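Enquirer: Sharing a structure here in structure tokens format.
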Amino acid sequence: MFAWITTHPIAYPVLEIVHIVGIALLVGNLVALECRVFGFGRGLDLAALGRLSLTLALSGFGVVAASGLLMFASQPQELLANRAFTLKMGLLMLAGTNAALFHARGGLVRLDRIGRVQTALSLGLWLCVIICGRWIAYL
Ligand code: HEM
């Protein structure tokens, strides 16, 4: 049903561009919030920054997921056989679980040692997702 996307002259590149815009929104806003968690920009109210950057980050994830799933649907067999893709999906689930646990335990309010470890882990995981995403094309 979606195979036409890979043969269409611009559909796939446009989806990749939308994917990159979503990544910038998602990861850019998480980095800003996580830097505040580590004490940078102390003048910024954490709760207000949290509301803004998490709203933008979640919107970014929506854009990334929609464009990514369309690209996936255009060539599912090839991508499921691609180790960079499957590793990326695994890391994506780890990053999502870490974020859910962080917010479930009130990470932005508690700001304790576990919260900071989870914040550092989040930065590392999203970076690894980006690395795997880029590597898909080389495997
Ligand atoms: C449901 C979630 C996602 C799916 C299904 C998905 C799927 C894909 C697919 C199919 C590609 C194209 C691979 C290719 O043909 O070269 C891709 C590329 C990429 N993805 Fe994702 N992705 C998702 C989420 C993410 C997230 C959250 C990030 C980063 C935080 C990310 C980073 C990348 C990068 C950097 C590329 C390479 C883009 C390019 O070179 O143009 N993806 N993704």
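The values are calculated or read from the model by the stated rules, or taken from the named source; none is laboratory data. These numbers were taken from a predicted model, which means no experiment stands behind them. Every residue, glycine as well, gets a Cβ built from its backbone with ideal geometry; the counts of neighbours run over all protein chains shown.
Enquirer: Can you pull out every residue in the stretch 61-74 that is surrounded by 16 or more Cβ atoms within 10 Å (Cβ to Cβ) and either polar (S, T, N, Q) or more than 8 Å from the ligand (Cβ to nearest atom) (or both)?
Expert: Result: V63, S67, L70, S74.
Enquirer: Related question: How about the stretch 1-33: which of its residues are more than 14 Å from the ligand (Cβ to nearest atom) and under 18 Å from the mean Cα position of the chain (by Cα)?
Expert: A32, L33
Listed here are the residues, each with its yes/no results for (1) outside any helix (DSSP H, G or I); (2) over 21 Å from L121 (Cβ atoms); (3) modelled with pLDDT under 95.
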| residue | (1), (2), (3) |
| --- | --- |
| I23 | no, no, no |
| G28 | no, no, no |
| A32 | no, no, no |
| R42 | yes, yes, yes |
| A47 | no, yes, yes |
| V63 | no, yes, no |
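Enquirer: Of all residues in the stretch 1-30, how many are of a type in the set (A, V, I, L, M), farther than 14 Å from S67 by Cβ and exposed (fewer than 13 other Cβ atoms within 10 Å of the Cβ)?
Expert: Total satisfying the criteria: 2.
Enquirer: Select from the stretch 82-126 the residues that are in contact (Cβ under 8 Å) with a residue 40 or more places away in the chain, within 11 Å of the ligand (Cβ to nearest atom) and among the hydrophobic types (A, V, I, L, M, F, W, C) and list them in ascending order.
Expert: Scanning the stretch 82-126 gives A84, F85, L91, W126.
Enquirer: Can I ask one more? Among the residues of the stretch 31-49, is there at least one that is farther than 17 Å from I136 by Cβ, among the charged types (D, E, K, R), surrounded by fewer than 16 Cβ atoms within 10 Å (Cβ to Cβ) and without any contact (Cβ under 8 Å) to a residue 12 or more places away in the chain?
Expert: Yes: the stretch 31-49 contains one or more residues that are farther than 17 Å from I136 by Cβ, among the charged types (D, E, K, R), surrounded by fewer than 16 Cβ atoms within 10 Å (Cβ to Cβ) and without any contact (Cβ under 8 Å) to a residue 12 or more places away in the chain.
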